[in-house]
Amino acid sequence: MFKISAYLSFRGNCREAMLFYQHCLGGRLSFQTVGESPMAAQLPQNIKDFILHAMLITDNFALMASDISPESGLLNGNALSLMLDCHQEEAIYTAFYQLSKGGIIKQALQETHWGALFGELTDKYGHHWILNFNKNQQL
């Protein structure tokens, strides 16, 4: 059995973004900076505050992230979407509202032909989210 977890990359604002996601989705959040890592002495001073690894853990998922150094560069695109499968109707409305603050709603939450509430958005950090609540599988 496999489990897929999302790993996001940021341009120096990983801490801010992960705190935002924690506010929207709940969970326990931890950070390790480049400066706190064993390799800190070998790395440039200007990236010591960058996040080497962040992890947001909930009962149902883990979301991981880090900052990309300016030299490596980051290309935002639509090659990755985060699928948030909600188990309660109230949860999808709350998450959609919170995640869309400062972002762009691509498709407002609406009922689908497959019996789900479904919506898409791009958050204020440029990451694409797909939210789904299957009314037939409510817990």
Can you check what the net charge comes to around Tyr125, using other residues whose Cβ is under 14 Å from the Cβ of Tyr125 (Lys, Arg +1; Asp, Glu -1)? +1
Test of understanding: given the chain, find the longest segment containing no chymotrypsin sites (Phe, Trp or Tyr not before Pro) that are in a DSSP loop and have at most 10 other Cβ atoms within 10 Å. 3-113
Report the extension gain between Lys101 and His87 in nm, rounded to one decimal, defined as 0.36 nm multiplied by the number of residues separating them, less their alpha carbon distance. 2.9 nm
Just going by the charge dipole of the chain, with Lys and Arg at +1 and Asp and Glu at -1 on Cβ, which of Met39, Ile130, Met83 is farthest out on the positive end? Met39
Can you give the percent of C-alpha pairs in region 6-67 whose distance is more than 15 Å? 47
Helix-only [θ]222 nm of the chain, DSSP H runs n ≥ 4, -39500 (n - 2.57) each, per residue, nearest 500: -5500 deg cm²/dmol
Listed by chain and number, the residues whose amide H is under 5 Å from that of Leu84, excluding neighbours fewer than 5 places away on the same chain and using placed H, are Ile130, Leu131, Asn132
With a 10 Å cut-off between alpha carbons and a GNM built on the chain, which of Leu121, Leu52, Leu80 moves the most? Leu80
Within region 12-29, which residues have the backbone N less than 14 Å from the label spot 7 Å out from Asn46 along Cα→beta-carbon, could you tell me? 12
With everything on Cα atoms, drop me the angle between helix 14-25 and the longest principal axis of the chain, reported from 0 to 90° to the nearest 10. 20
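Values in this text are rule-based calculations from the coordinates and carry no lab data. In this text, all values refer to a predicted model and were calculated from it rather than measured experimentally. Every residue, glycine among them, receives a Cβ derived from its backbone with ideal geometry; neighbour counts consider all protein chains shown.
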